Each structure stands twice: as structure tokens, then as C-alpha cells.
Amino acid sequence: MDPESFCAVVLAGGRGSRLGGVDKAAVEVDGRPLLAHALDAVREAAEVVVVGEEAPTAPPGRPVTFVVEEPRHGGPAAGLLTGCDALVRTPAQAPRVAVVAVDMPRLTAATVRRLHAAARGRDGAVLVGPDGRRQLALVVDRVRLAAVAPGPEDRNGTAVWRLLEPLDLAEVAATGHEHRDVDTWADVRDLDVP
């Protein structure tokens, strides 16, 4: 995949309330913060925006832009759109955006490549868990996303799947544990439990 063909938005602005209010992006899995795992998954992107508080990134020197939505904690749809607004590359330069939640440490660059392949000829593609539930791991055409996006004043509280409902998204079955997310300390402990 041509890395110039897509940008990425990492959603890292949640409250972490089920983790006792800790910064979820800083929670360590396999000795690395969740943010580092998310950045690895989108390492082939030409540009990366993280929606959340500024934090050290890995690998060192990887150019990452940090933004926060206004008002704060408006939900994943507000975060996704805020991240897209912060992208410097135009849709003509990078037609697609990969969107990943910071709390999915088993996502990889291969996952993102599978999503891109499935999105050919469609508005995008989304990862689906074994239970059929759509995950916050997707690629989407930036022009089509902009066409269905509400204005800034109507973003907060918008459900991400309602935002994406008008789009033609291919569903890509998760393999292994790539669909697993970390919402609680038990999730961290049981991440690789079958």
C-alpha cells in the first residue's frame, strides 16, 4: 500500500472511567503503552493525528499531531471528525483515513492493510468481531465522510455508527484477538484469553 494514500486518526480522548480514570493511552500492555500499539498499527500512514492529550510517542521522532475536541469528551464520532479536521494533507493527497481506537492493542499494520483492500470500490471498511459487532477500527473515504458529517456544533454525543450509517462499508472479520479492546483492568488481564 502506498503510504501517501492515507492518513490516520487515533482516538485516545476517552475518560477511562472503567479504569478508575487513568489515561487509557498510557496503560501498558506487553510493556508498552496502548498509544504505542495504536501508532504501530497505523505506521504506514503519511500523517497521524491523535485525538487526546499530548503524550510521548514511539518510535521516537514519529511526527504525530495531538488535538482535543471542543468541548472535551464528545464521544468517538466527535473525536473522529476533530481528528480529520486537523489533517494537513488534503483528500486529493490522501483519499482515505484509517481510524483506530487507542484501546485495541492487537490491531496491526496488517489489519489496516486488510481494511484498505476490502474498501476498494466502497466508501470504506470496518473490522467486525466474532460476535458481528463493528469495532472502532476502520478506513473510510475522506470525501464521503465529509459529506455525511454534521457541523461542529452537532458533533458531540453523535453515535459513531449513526455517523457512518449512510456509508457503504465492507465488513472485515477480525482474526485472532485484533478485535479485543481494553475498557477494564480485567480486559488488560484477559486480552489474549480465548
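The values are calculated or read from the model by the stated rules, or taken from the named source; none is laboratory data. Note that the structure is a prediction, hence the values are computed from the model and not measured. Glycine also receives a Cβ, built like all others from the backbone with ideal geometry; neighbour counts cover every protein chain displayed. With ligands, DNA and RNA removed, areas are computed over all heavy atoms of the protein, side chains included. Shrake-Rupley method; radii C 1.70, N 1.55, O 1.52, S 1.80 Å.
What to note about this one:
- Residue match in the range 157-172 (condition: polar (S, T, N, Q) and either in a strand (DSSP E or B) or within 17 Å of the chain's Cα centre (by Cα) (or both)): yes
- Count of residues meeting criterion [surrounded by fewer than 16 Cβ atoms within 10 Å (Cβ to Cβ) and either within 16 Å of the chain's Cα centre (by Cα) or within 17 Å of Pro76 (Cβ to Cβ) (or both)] in the range 173-191: 1
- Complete set of residues in the range 53-85 that are open to solvent by less than 50 Å² (accessible area, probe 1.4 Å), farther than 18 Å from Leu138 by Cα and at pLDDT 90 or above: Val64, Phe66, Val67
- Selected residue (only one of Ala94, Ala101 is farther than 16 Å from Phe6 by Cβ, of a type outside the set (Asp, Glu) and open to solvent by less than 60 Å² (accessible area, probe 1.4 Å)): Ala101
- Cβ-Cβ contacts under 8 Å between residues 6 or more apart (or on different chains), taken from a first residue in the range 138-150 that is in a helix (DSSP H, G or I) to a second residue that is among the basic types (Lys, Arg), are listed as Arg142/Arg96.
- Selection count, the range 109-132, where residues are assigned to a loop (DSSP other than H, G, I, E, B) and closer than 26 Å to Asp30 by Cα: 3
- Pick from the range 4-31, criterion at pLDDT below 60 and open to solvent by less than 60 Å² (accessible area, probe 1.4 Å), ranking: farthest from Arg142 (Cα to Cα): Leu19
- Given (1) touching a Leu at 6+ places or on another chain (Cβ under 7 Å); (2) over 20 Å from Ala170 (Cα atoms), number of the condition Gly157 does not satisfy: (1)
- Check on Thr108, of a type in the set (Ser, Thr, Tyr), touching a residue at least 60 places away in the same chain (Cβ under 8 Å) and open to solvent by 20 Å² or more (accessible area, probe 1.4 Å): yes
- Test: Gly124 is open to solvent by less than 10 Å² (accessible area, probe 1.4 Å), within 28 Å of Glu53 (Cβ to Cβ) and either in contact (Cβ under 8 Å) with a residue 12 or more places away in the chain or in contact with an Asp or Glu (Cβ under 8 Å, 6 or more places away or on another chain) (or both): yes
- Of all residues in the range 65-108, those satisfying the criterion of being assigned to a loop (DSSP other than H, G, I, E, B) and among the hydroxyl-bearing types (Ser, Thr, Tyr) are Thr90, Thr108.
- Yes/no for Thr158 being closer than 30 Å to Asp30 by Cα and of a type in the set (S, T, N, Q): no
- Scanning the range 135-185 for residues that are touching an Asp or Glu at 6+ places or on another chain (Cβ under 7 Å) and farther than 22 Å from Pro33 by Cβ turns up Val140, Asp141, Arg144, Leu167, Asp168, Leu169.
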